[in-house]
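Engineer: One structure is given below, represented as structure tokens, and several questions about it will come after.
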Amino acid sequence: MTVVSPSEAAADWRPVRQADATLVAQLADDVARRIDDQGLRPGTRLPSIRKMAEQAGVSRFTVVEAYDRLVARGLVQSRRGAGFFVRARRGPLAAAAVRSPAGGQAAPVRIDVAWLLRSMFREPDSAMPGGAGLLPADWLDPGMVAAAVRAVGRSVRGQLVTYGSPLGYAPLRQQLASRLQADGVPAHPDHNLLTTNGVTHGLDLVARHFIRPGDAVLVEDPAWFVIFGRLAAFGARLIGVPRGPDGPDIEQLDRLAALHKPRLFIINSAVHNPTGHTLSAGAAYDILRLAERHDFLVVEDDTYGELHPGGAMKLASLDRLNRVILAGGFSKMLAASLRVGYLAGNAELVQKLADLKMLAGLTTPELGERVVHRVLVEGQYRRHVERVRARVNAARQQCLAALAELGLGIPHEPHAGMFVWADCGRDAEGLARTAADRGLLLAPGSLFSPVQAPSSMLRFSVAMVSTPGIWKAVAEVLAAPGR
């Protein structure tokens with residue numbers, strides 16, 4: 001076993017007082033650099049905390065925290081009674097070998113939902129520009145969220161060491177009830193609301209409660225692809241209902257509901273993903289009429305509703321939470337990592353979903369719920385939403401103009417939102433594979449079909465306009481030979 005002296009471990013490092021980086025970060029980064037450079041080899045024991053503190057000229061507390069950070073980064077191992085040792089490093093990940101020369105991720109022979117999600121959720125420094133469903137950080141307000149985090153941190157003290165309420169943080173539910181009541185949704189904070197880890201978690205709870213293998217579920221076609229995978233995992237039979245600019249095809253909805261006797265109809269009513277369209281009043285009334293006639297429940301996904309100018313009419317307000325379950329959240333408008341959502345429904349159902357939530361994962365993290373509550377009560381959120389909506393609207397117009405110039409067709413321009421549903425005139429999956437080889441992420445229309453039907457449609461995110469050279473890259477993909 002090699003034991004390195006304090007002078008060797010700290011080498012020429014000296015603390016820089018009043019620097020941007022803390023002394024802890026300075027020391028940890030310096031030792032980490034020496035490990036990466038093989039100056040400190042695997043198995044080497046680092047100096048004791050006391051000796052390192054004396055050599056480096058810092059407090060023992062600084063060394064303790066620096067060593068703890070190195071342990072957390074996987075560079076150092078702590079052995080009880082023996083000290084801290086440099087860990088053996090693994091070689092580069094084999095996955096790196098599949099990257100294309102353009103820096104993208106090689107597309108599979110058949111593009112599927114899993115591949116698209118992996119591409120969307122890569123590390124920020126290797127993310128592929130293009131069709132991800134997120135807005136850039138500088139379009140949002142990270143400072144507002146960070147201020148709320150700090151305020152919550154100062155106020156909670158020991159309150160976060162206990163489990164929260166199964167229904168969710170009570171003051172947040174009160175704020176949600178006030179907001180929904182202003183939109184005509186009769187949501188009582190203690191009877192009709194349940195917080196979730198984002199909209200996806202909320203829809204998952206609903207599916208777990210209602211779906212048994214073989215049950216029919218009506219979904220829109222096109223629609224958000226992730227829900228297809230969740231429903232299929234529960235053994236559901238997915239029945240696609242064609243979606244138009246004003247809403248689902250009502251005649252088809254009537255026919256399919258009569259034929260398949262579905263448990264649920266899941267609909268993205270306002271600012272539909274991927275088309276950007278919103279239900280007309282007539283279609284909304286027809287959906288509720290058919291739900292009553294054929295005895296199915298409607299799950300209303302309101303993920304993008306706040307991007308609608310002036311607010312869109314909700315099925316939940318017309319139905320008054322009788323047959324409608326409303327799912328909403330804040331990740332799109334505040335921060336993707338802030339997984340705070342909610343379900344609104346009748347009291348009996350909400351209690352059953354709360355019981356299921358506890359069985360699946362006890363309670364939702366209260367820290368994020370307190371942060372969202374802080375943002376809402378401080379009165380900044382309404383103005384924030386207006387600013388984001390204006391930025392998205394301007395970007396969407398730029399995106400529409402650029403796609404038209406490239407020769408893509410837009411069958412029906414979106415009413416609002418962050419997506420454009422465009423017709424490329426040929427197999428979109430082949431184009432998506434070509435784009436992936438060039439480091440560009442495009443979402444082909446086949447993924448938005450419940451039966452993965454071939455499609456000439458592509459979903460474009462309006463956030464693409466902030467990426468330099470993006471339209472030149474898209475033009476090159478469109479001009480490339482088909483795959």
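The values are calculated or read from the model by the stated rules, or taken from the named source; none is laboratory data. Computed from a predicted structure; not experimentally measured. Virtual Cβ from ideal backbone geometry, glycine too; neighbours counted across all protein chains shown. Note: accessible area is taken over every heavy atom of the protein model, side chains too, but ligands, DNA and RNA are not part of it. Shrake-Rupley method; radii C 1.70, N 1.55, O 1.52, S 1.80 Å.
Engineer: Report the extension gain between E292 and S178 in nm, rounded to one decimal, defined as 0.36 nm multiplied by the number of residues separating them, less their alpha carbon distance. Could the numbers behind the result be given before it?
Structural biologist: Working: separation 114, 0.36 × 114 = 41.04 nm, distance 2.78 nm.
That works out to 38.3 nm of additional length.
Engineer: Cβ neighbours within 10 Å, averaged per peptide: list 214-223, 29-38 in order, most packed at the top. Numbers along the way, then the final one.
Structural biologist: Values: 214-223: 22.0, 29-38: 16.0.
Packing proxy ranking, top to bottom: 214-223, 29-38.
Engineer: Now, a different point. What residues have an amide H closer than 5 Å to that of R237, excluding those fewer than 5 places away on the same chain, when H is modeled at 1.01 Å from N in the peptide plane?
Structural biologist: Excluding prolines and chain starts, which carry no amide H, the hits are G214, D215, A216, V217.
Engineer: Name the residues whose placed amide hydrogens come within less than 5 Å of the amide hydrogen of L441, ignoring near sequence neighbours (fewer than 5 apart) on the same chain.
Structural biologist: Those lying under 5 Å, H to H, from L441 are G130, G131.
Engineer: Could you sort the peptides 185-192, 137-144, 39-46 by per-residue average Cβ neighbour count (10 Å cutoff), highest mean leading? If you can, show how the numbers build up before the last one.
Structural biologist: Details: 185-192: 19.0, 137-144: 14.1, 39-46: 17.2.
Packing proxy ranking, top to bottom: 185-192, 39-46, 137-144.
Engineer: How long is the gain from S78 to H412 if the chain were fully straight, where each residue apart is worth 0.36 nm and the alpha carbon distance is subtracted? Let's see the in-between values first.
Structural biologist: Details: separation 334, 0.36 × 334 = 120.24 nm, distance 6.06 nm.
So the extension gain works out to 114.2 nm.
Engineer: Just to check I understand the Karplus step: with θ = phi - 60° and J = 6.51 cos²θ - 1.76 cosθ + 1.60, what whole-Hz values come out for the stretch 242-251, glycine and proline as x?
Structural biologist: x, 10, x, x, 9, x, x, 5, 5, 4
Engineer: What's the FRET efficiency of A258 with A25 using the Cβ-Cβ distance as r and R₀ = 45 Å, to the nearest 0.05? Could the numbers behind the result be given before it?
Structural biologist: Numbers: r = 65 Å, r/R0 = 1.44.
It comes to 0.10.
Engineer: Okay, helix-only estimate at 222 nm for the chain: each DSSP H run of n ≥ 4 adds -39500 (n - 2.57), divide by all residues, round to 500 deg cm²/dmol; what do you get? Spell out each step's value before the answer.
Structural biologist: Details: 17 runs with 200 residues, N = 483.
When only DSSP H runs of four or more count, the value is -13000 deg cm²/dmol.
Engineer: Where a Cα-Cα gap under 28 Å defines reach, which lysines qualify for K352, not counting those fewer than 8 residues away within the same chain?
Structural biologist: Result set, ordered by chain and number: K261, K314, K332.
Engineer: Give me P(r) over the stretch 142-379, computed from all C-alpha to C-alpha distances, binned every 5 Å, as integer percentages.
Structural biologist: In whole percents, the pair-distance histogram is 1, 7, 14, 19, 20, 16, 11, 7, 3, 2, 1, 0.
Engineer: Which value, in Å², gives the accessible area per residue of the chain when a 1.4 Å probe is used on the protein heavy atoms? List each step's numbers first, then the result.
Structural biologist: Details: 22080 Å² over 483 residues.
About 46 Å² of surface per residue is accessible.
Engineer: Also, I was wondering about something else. May I ask you to list the aspartates and glutamates whose Cα is less than 16 Å away from that of K472, ignoring any residue fewer than eight positions away on the same chain?
Structural biologist: E405, D437
Engineer: What's the local net charge at A284, with K and R +1, D and E -1, over the other residues with C-beta under 12 Å away? Working shown, then result.
Structural biologist: Working: positive: R289, K314; negative: D246, D286, E300, D319.
Counting the neighbours of A284, the net charge comes to -2.
Engineer: With a cut-off of 8 Å between alpha carbons and a minimum separation of six or more residues, what is the relative contact order of the chain in percent? Write out the running numbers ahead of the final one.
Structural biologist: On the way: 833 pairs, mean separation 83.4, N = 483.
Relative contact order, the chain: 17 percent.
Engineer: A further question on this structure: Ordered by packing density, taken as the mean number of other Cβ atoms within 10 Å over each peptide's residues, highest first, how do 65-73, 412-420 rank?
Structural biologist: On the way: 65-73: 17.6, 412-420: 21.7.
Highest mean packing first, the order is 412-420, 65-73.
Engineer: R0 = 22 Å: FRET efficiency of L356 with A170, Cβ-based, nearest 0.05?
Structural biologist: Details: r = 20 Å, r/R0 = 0.91.
Efficiency for this residue pair is about 0.65.
Engineer: Compute the long axis of helix 428-437 from its Cα atoms, compare it with the longest principal axis of the Cα atoms of the chain, and write down the angle in degrees, 0 to 90, nearest 10.
Structural biologist: Value to nearest ten degrees: 10.
Engineer: With a cap of 14 neighbouring Cβ atoms within 10 Å, and only residues DSSP puts in a loop, list the trypsin sites (Lys or Arg not before Pro) found in the stretch 401-470. Intermediate results must be reported in sequence, preceding the final value.
Structural biologist: Details: sites: R426, R433, R438, R459; in loops: R426, R438.
Hits after loop and neighbour filter: R426.
Engineer: On to the next question. Compute the Rg to Rh ratio over the stretch 23-85 from the alpha carbon atoms, using the Kirkwood formula for Rh, and round to two decimal places. Before the final figure, lay out the partial values.
Structural biologist: On the way: Rg = 10.6 Å, Rh = 11.6 Å.
In the stretch 23-85, Rg relative to Rh is 0.92.
Engineer: Out of the total accessible area of the chain (probe 1.4 Å, heavy atoms of protein only), what percent is carbon and sulfur? Don't jump to the answer; show the numbers that get you there.
Structural biologist: Numbers: 11590 of 22080 Å².
So the carbon and sulfur contribution to the accessible surface is 52 percent.
Engineer: For P(r) over Cα pairs in 20 Å bins from 0, in percent, one of [x] 21, 46, 28, 5, 0; [y] 19, 52, 25, 4, 0, 0; [z] 24, 53, 21, 2, 0 was computed from the structure I shared and the rest are decoys. Which label?
Structural biologist: After the calculation, the listed value that fits is [x].
Engineer: Roughly what would the spin-label model give for D190 and F234, points 7 Å off Cα along C-beta, in nm?
Structural biologist: Modelled inter-label distance: 2.9 nm.
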